[in-house]
Amino acid sequence: MLDGFPSFQTMVAIDLFLLGAALIGTIFILIKWHQIKEAGAAIGALICIAGLWTDTGLYVADLASMIAMPPLIGMERSMAFMTDLHLKYSWYVSVVSTALIALGLLILIWGMGRQFQRLKNARTEIEESEQRLAQAAQLAKLGYYWWDAVEDELEFCTEQHARSHGRSMEEYAELATTLSNEMVLIHPDDRERIRNEYLRLRAGNPIEIEYRVPTADGERRVREIARPVFDENGTVVREIGTSLDTTEQYETELRLFQAEKMESIGRLTGGVAHDFNNLLAVMMGNLELLRSEVDQPDLIESIETALLAAERGGELTKNMLTFARQARLNPTIVDINATIRQTKLWLSRTLPANIEVETSLLANLWRVSADSSSTQNALLNLIINARDAMPSGGKLTIETANVRIDDEYIAVRSEDVPPGRYVMVAVSDTGDGIESELIDKVFEPFFSTKLPGQGSGLGLPMVQGFIKQSGGAIRVYSELGVGTTIKLYFPAVFRDGEGQGDAHPDTKPTTTQHAKILVAEDEPEVLAIIVRVLENAHYSVFTAPSGDKALELFQSIRPIDLLLTDIVMPGSLQGPKLAKALREVEPDLPTVFMSGYPNEATVHGNGLRPEDIRLMKPVPATELIAAVEKALRTRRTSSDEPN
């Protein structure tokens, strides 16, 4: 054995190691050949393989020589030959092969690096595209889902898809475990039809369906488009669908249809009324001529009866023209308070003795421009409706107020009166109220809840036609078992400089900042606006959706500085009862009451204290802050008084 040269066993081990490394490197390159080729590094891989096998070939030849030569020429001479060969020639081959391997690896690493960057960029683009798609779907309120048709279970759904069904994603996933379970989400009247459509989808047919979904806050409508996904055998393995909440669109279309229907009826009614008036004019003219020509009492009586019927027909056509907004109006400057006082003088002839009449007329009421006669007729119609709603007696309240409607107005969203200054006239009764599903129908012509022969159904449509033709608006507020309020909004008119002293006062409280106010209101939209107004004025606000919840909340946050509550709410504790319950703990608790009814109507029989402040919805923000400030100051003043 020569000094400094590895032993035979060591050289065999080195040769076997290099052979294994070459084989592993070659196999790896062959396995990754497709990716290497896509990366444009195929030349580098080939150069690397060439280098590996050049070096490996040299050592394999060494190994073969060391195995074959010792038996022939002896171990010592074999080692001397191999040493001489390596020292003189083999190192050249090693250098070249190593260079090839290094060059090939550089090309390979460069190409794969470029490929990795391209894949990273592509992945980033895909993520951005998915994000844009998700944002677009969210803005369009479009949901989507994947359903595993093999396992019959939900794979994935977006939050919007779950929300359109009135559920969170977790709640929807828990319910939609199978097709049968998913039917629970759909309105019972639509389930059979939708089940059949889903079975068609499972059979491989695309579907487009619409259905209703019962939710905690009502009913929603969903439009769904779904397509099947097939495997290579043509079997449906997945269903992909999109969903769109069309509730707002449906309601808008319904309102548009209603408006178009009312407009068509109005045109038809106006045309019929005009033509009928002409016929009545001919009939009445001839009847009057005939009456002047005869002297028999029985004929005169018949003619008078016919003339009276013609006059009643004329009144009917006048009402029809008013509904169609084609009546001839003669607008003048009208004092609504004076009109109500005049009407009240002869109400005893219209109302039975068991109906109590109260008025709450605002001093310095703004003037309006309206037809005086039509205004009186509209008021009379509302009074008669209130009378008919209280066959066993009750209370009729008429109230007037100056109302400024602007962006800060606290109102339910359906309160779509155009911004401006109005004179509001409210007529309230304590009758049985109107069912919520019938409120939208009360302005339809010839619709009436009265018995046959007790009304034409043109009263409220006529009032609506008149108020709309006068540039105002009419609203109905009703609670079953409580009563109904109908509000008329007349645009106010001013002379130069008049009406300028009612600008909005400063809404920021000066002496009662950070007071704790408990607000009980069951209308979420109204509650949200009240909270925003009060918090902007730096009050600490606690909210409850009912009187019962307010009482529970009061126990944990007491003491409070003020109660602001609606009069009529769901649950056992209405506004007055809530105030009474809280005052058993805090006797001097100031309270501000709100209601859709006039102030006098809310006071009647409710046991409110004289110092309690009452606001009529809708409430301007400035009026709300002023009422809160007044109530808080009153409490502070009373607490400062010596005992």
Extension gain, ALA50 back to LEU380 (0.36 nm per residue minus Cα-Cα distance, nm): 108.1 nm
Accessible area, probe 1.4 Å, largest first, for residues ASP548, ASP440: ASP440, ASP548
Distance-filtered residues of segment 202-216 - backbone nitrogen under 19 Å, label point 7 angstrom along ARG193 Cα→Cβ: 202, 206-215
Cα-projected label distance for GLU210 with GLU153, points at 7 Å along beta-carbon direction, nm: 3.5 nm
LYS141-SER372 FRET efficiency (beta carbon distance; Förster radius 45 Å; 0.05 resolution): 0.35
Spacing of the two label points (7 Å from each Cα toward its C-beta) at LEU103 and LYS516, in nm: 8.6 nm
ILE27/LEU72 FRET efficiency (R0 30 Å; Cβ-Cβ; nearest 0.05): 0.30
Cα→Cβ-extended label distance, 7 Å offset, between LEU347 and ARG633, nm: 3.3 nm
Length released on extending from SER302 to GLN131, taking residue separation times 0.36 nm less the Cα-Cα span: 53.2 nm
Nearest-10 value in Å² for the accessible area of ARG291, using the 1.4 Å probe: 90 Å²
For segment 142-197: rounded, prolate or oblate by the Cα gyration tensor [a/c cutoff 1.5]: oblate
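Ranked from the most accessible area to the least, with a 1.4 Å probe and all protein chains present, what is the order of HIS161, HIS187, HIS34?
HIS34, HIS187, HIS161
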Full-stretch length increase - HIS34, ILE240 - with 0.36 nm per residue and alpha-carbon distance subtracted: 70.9 nm
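Taking only protein heavy atoms into account and a 1.4 Å probe, give the accessible area per residue of segment 353-395 in Å².
So segment 353-395 comes to 43 Å² accessible per residue, rounded to a whole number.
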Area accessible to solvent at TYR144, 1.4 Å probe radius, in Å²: 60 Å²
Protein-only accessible surface order, largest first, of PHE156, PHE443, PHE230, PHE17 at 1.4 Å: PHE17, PHE230, PHE156, PHE443
Gyration tensor (alpha-carbon) shape descriptor, segment 356-404, a/c threshold 1.5: oblate
Rounded accessible area of MET616 (nearest 10 Å², 1.4 Å probe): 20 Å²
Estimated FRET transfer efficiency when R0 is 35 angstrom, pair ASN181-GLU552 (beta carbons, to 0.05): 0.50
Cross-link table LYS549/LYS577; LYS549/LYS630; LYS395/LYS630; LYS395/LYS580; LYS516/LYS549, entries beyond 19 Å C-alpha to C-alpha: LYS549/LYS630; LYS395/LYS630; LYS395/LYS580
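The values are calculated or read from the model by the stated rules, or taken from the named source; none is laboratory data. Because the structure is predicted, anything quoted here is derived from the model rather than measured. Heads up, the Cβs are rebuilt from the backbone with ideal geometry, glycines too, and the neighbour counts pull from every protein chain shown. We work out accessible area using only protein heavy atoms, side chains counted, and drop any ligands, DNA or RNA first. Shrake-Rupley method; radii C 1.70, N 1.55, O 1.52, S 1.80 Å.
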